[in-house]
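**Student:** Structure incoming, see below.
Values quoted throughout were computed directly from the atomic coordinates according to the rules given, and no laboratory measurement underlies them. Because the structure is a prediction, the values reported are computed rather than measured. Here the Cβ is made from the backbone with ideal geometry for all residues, glycine too, and neighbour counts use every protein chain on show.
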Ligand code: 13P
């Protein structure tokens, strides 16, 4: 059965004491204390200096939350001042990393070649990738959008499908309060799924979780989760408020029971 994921991307927000409080209250919340089916995964991606304290907090409360890095270096070790390798992230508790987020593609000029190297680094250490893709503007023709998505999916070719989560995050919907319409998400996710079938074959492709991200909140999450090819969400700003994230977890679990 395909896993369903709800993952909080804190981006460059929150300090150590705030994250510790957040994780401690979240771990003790009723919604996480109740047993849930194993295919429903909840994850956090804090800034890398706080992975270790998140991990310590989670093991104290025996919480079943996944931890992810927001980025890794494309190099695996050596003279790369200021970078953090996949292996070091894993050592600090990350099961995987977000790769190809539109903020890194645009602000840090990450090219497809760099993303492939990052995926290879994750693969070398048996880590999961949350691979983000999507268009920058709303004015692409259907044909150009399909071509862009195809190119973005094609670089996954050599990455093991069992370690892959894909997040469709149209850049124009990120941090704008303007989520994509369910019909648009449906069209794009169906195209991505079909292309994954071409790449990996039907059986493996159907087991790759495909998430939506971009201005997700408690008002718009449910219709998005109802879409046939969507298996969860990657949440930015709405995850920073613990009560809001707990409301999203409740909607997520109820939608998938
Ligand atoms: P927002 O939910 O703030 O739009 O951010 C989405 C995102 O970029 C998650 O990775």
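**Student:** Out of 60, 11, 171, any idea which swings most in a Gaussian network model of the chain, alpha carbons joined below 10 Å?
**Tutor:** Judging by the Gaussian network model, the answer is 60.
**Student:** Suppose each label sits 7 Å from its Cα in the direction of the beta carbon; what would the residue 95-residue 39 distance come out to in nanometres?
**Tutor:** 1.6
**Student:** Over all pairs of distinct alpha carbons, what does the Kirkwood formula give as the hydrodynamic radius of segment 2-57, in Å?
**Tutor:** By the Kirkwood definition, the hydrodynamic radius is 12.2 Å.
**Student:** Then there's this: Could you work out how much longer the chain between residue 81 and residue 61 gets when fully extended? Use 0.36 nm per residue separation minus the Cα distance between them, nm to one decimal.
**Tutor:** 3.7 nm
**Student:** Now, a different point. What is the Cα centroid distance between segment 184-257 and segment 4-82, reported in whole angstrom?
**Tutor:** Each part reduced to its Cα centre gives a spacing of 19 Å.
**Student:** What whole-number value in cubic angstrom gives the convex hull volume per residue for the C-alpha atoms of segment 194-252?
**Tutor:** 85
**Student:** Right, another one. Using only C-alpha atoms and all pairs of different ones, pull out the Kirkwood radius for segment 69-199 in Å with one decimal.
**Tutor:** 15.5
**Student:** Mind pulling the per residue volume of the convex hull built on the Cα atoms of segment 137-257? Å³ is fine.
**Tutor:** 107
**Student:** For the chain, what does -39500 (n - 2.57) per DSSP helix run (n ≥ 4), summed and divided by total residues, give at 222 nm, in deg cm²/dmol to the nearest 500?
**Tutor:** On the way: 11 runs with 108 residues, N = 257.
Roughly -12500 deg cm²/dmol at 222 nm, from the helical runs in the chain.
**Student:** Also, I was wondering about something else. Per 5 Å bin, what is the whole-percent P(r) computed from every C-alpha pair distance within the chain?
**Tutor:** Computed distribution, short to long bins: 1, 6, 14, 18, 21, 18, 13, 7, 2, 0, 0.
**Student:** Let me ask something additional. Which FRET efficiency value, to the nearest 0.05, is calculated for residue 30 and residue 202 with the Förster distance at 51 angstrom and r the Cβ-Cβ distance? Provide the component values of the computation, followed by the final result.
**Tutor:** Numbers: r = 39 Å, r/R0 = 0.77.
So, using R0 = 51 Å, E works out to roughly 0.85.
**Student:** Continuing with this model, one more query. Please quote Rg/Rh for segment 136-181 to two decimal places, taking the Kirkwood radius as Rh and restricting both calculations to Cα atoms. Let's see the in-between values first.
**Tutor:** Values: Rg = 12.8 Å, Rh = 12.4 Å.
My calculation puts Rg/Rh at 1.03.
**Student:** Right, something else. Mind checking the full-extension length gain between residue 3 and residue 250? Use 0.36 nm per residue of separation minus the Cα-Cα distance, one decimal, nm.
**Tutor:** Details: separation 247, 0.36 × 247 = 88.92 nm, distance 1.67 nm.
Working it through step by step, the gained length comes to 87.3 nm.
**Student:** Between 220, 207, 198, which gets the highest mean-square fluctuation from a Gaussian network model of the chain, Cα cutoff 10 Å?
**Tutor:** Highest fluctuation of the listed residues: 198.
**Student:** Sticking with this structure for a sec: Looking only at 95, 152, 25, which one moves most when the chain is put into a Gaussian network model with springs between Cα atoms under 10 Å?
**Tutor:** Its mean-square fluctuation being the largest, the pick is 25.
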